[in-house]
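What follows is a single structure, written as structure tokens, with notes after it.
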Amino acid sequence: MPFPGGIDANANATLLFSLVAAVIYAFIIDMPPTLARSAVKTLAVAMLAVLASLQGGPWLLVAALALSAVGDAFLSRDDEKAFLGGLASFLVAHGLYIALFLRSGGGIGLLSAEPWRGSIALAMAVFALAMLFSLWRRVGPALHLPISVYIAAILAMGISALTLSNVWVFGGAVLFMASDGLLASEKFLLTAISPHRVWMRYAVWMLYYAAQLGITMGFLLGYVCRYQGDAGLT
């Protein structure tokens, strides 16, 4: 187990609870929206927030995970108001992740000091612009601004992760961008009868949960000792 104390320790048990909820949701992902389905989806990441709190992780991490769980609760429903609520929740969560990554990384200057980081940042920007142009042609005018702001936020989150040296956190940010790209494609770009919708729903969930898990474990296993001495972040 990743944390001391065996499987019955609070941290390990909480992580296992999160993993079980994520797996269960993968099996019921195509079921009609119900309270139980929403609860399972929400618990998967909510338990990661509890884990981060138990392990003394940065408050920015705890808050970002908690808001992500709120976003999951909204997105587990099918109406447009719930979608906008989920969009707003994840927008704030990305803002918290940006602040967390920038405060724990080596600074934006690394993007020019180390060319590989700058190259990946450029690729992220190209991906974000391609998604923006594709979505603007398909969604109504009322969604242009919310989607544009959200894409800008997730791009900033991905670029800010490039200032870190922790591969788990950086990998999680990349998976988060990939998950959001697939989600937007499934919701707005595919036809209602497209056969790709089935596998894309599963891919979105797996990429998203892996992203949140990677970011969480990256900080808890690689950075928590650093933050325990910083009263401003713990």
Seminar exercise, completed: Residue pairs within 7 Å by beta carbon, gap of at least six or interchain, first lying in segment 5-25 and closer than 14 Å to L213 by Cα and touching a residue at least 24 places away in the same chain (Cβ under 8 Å), second of a type in the set (S, T, Y) and outside any helix (DSSP H, G or I), listed first then second, are none
Seminar exercise, completed: Residue count, segment 200-219, condition aliphatic (A, V, I, L, M) and either modelled with pLDDT under 95 or over 14 Å from W168 (Cβ atoms) (or both), comes to 5
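Listed residues L60, L84, L48; which is more than 17 Å from A210 (Cβ to Cβ), in contact (Cβ under 8 Å) with a residue 40 or more places away in the chain and touching a Leu at 6+ places or on another chain (Cβ under 7 Å)?
L60
Select from segment 135-144 the residues that are more than 22 Å from the chain's Cα centre (by Cα) and assigned to a helix (DSSP H, G or I) and list them in ascending order.
Going through segment 135-144, the residues more than 22 Å from the chain's Cα centre (by Cα) turn out to be 136-142.
Those that are more than 22 Å from the chain's Cα centre (by Cα) and assigned to a helix (DSSP H, G or I): W136, P141, A142.
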Seminar exercise, completed: When every residue in segment 145-177 that is in a helix (DSSP H, G or I), among the hydroxyl-bearing types (S, T, Y) and at pLDDT below 95 is compared, the one surrounded by the fewest Cβ atoms within 10 Å (Cβ to Cβ) is S148
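Which of the following residues is closer than 21 Å to I154 by Cα, at pLDDT 95 or above and in contact with a His (Cβ under 9 Å, 6 or more places away or on another chain): A49, A64, A93?
Details: A49 fails: in contact with a His (Cβ under 9 Å, 6 or more places away or on another chain); A93 fails: in contact with a His (Cβ under 9 Å, 6 or more places away or on another chain).
Unique residue meeting the criteria: A64.
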Problem set entry | Only listed residue being out of contact with any Phe, Trp or Tyr (no Cβ under 9 Å at 6 or more places or on another chain) and over 16 Å from M217 (Cβ atoms), chosen from L35, L87 | L35
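The values are calculated or read from the model by the stated rules, or taken from the named source; none is laboratory data. Keep in mind that this is a model prediction, so the values were computed, not measured. Cβ coordinates were reconstructed from backbone atoms using ideal geometry, including for glycine residues, and neighbour counts include every protein chain displayed.
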